[in-house]
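Just so you know, all these numbers are worked out from the coordinates, no wet-lab data involved. Predicted model only: the values in this text are computed from it and were never measured. As a convention, Cβ positions derive from the backbone with ideal geometry for all residues, glycine included, and neighbour counts pool all protein chains shown.
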Amino acid sequence: MDVLWEIVVTVGHTIEQVLAYVETHHWIFGALAAGYIFYLHDRAVHARFDALDKRIDEVRKRLAVDY
């Protein structure tokens, strides 16, 4: 029973240390989150431009066929 309790205490201390690190270095995680949000936004913008390019190409092909 003592061994089991030591394992539980060790896991508790480890979780406490991780939370203390996150609490003192929260700005690192905020910067990572902001960077990831910017990355997702950038991908969305590029996807919209790619879709626009495809539509423009389709229109050009249709106009070329008409003439």
Residues of region 28-67 classified as over 30 Å from V18 (Cβ atoms) and of a type outside the set (D, E, K, R), total = 13
Hey, any hits in region 10-25 for a residue that's loosely packed, with under 10 Cβ neighbours inside 10 Å and of a type in the set (A, V, I, L, M, F, W, C)?
-> no
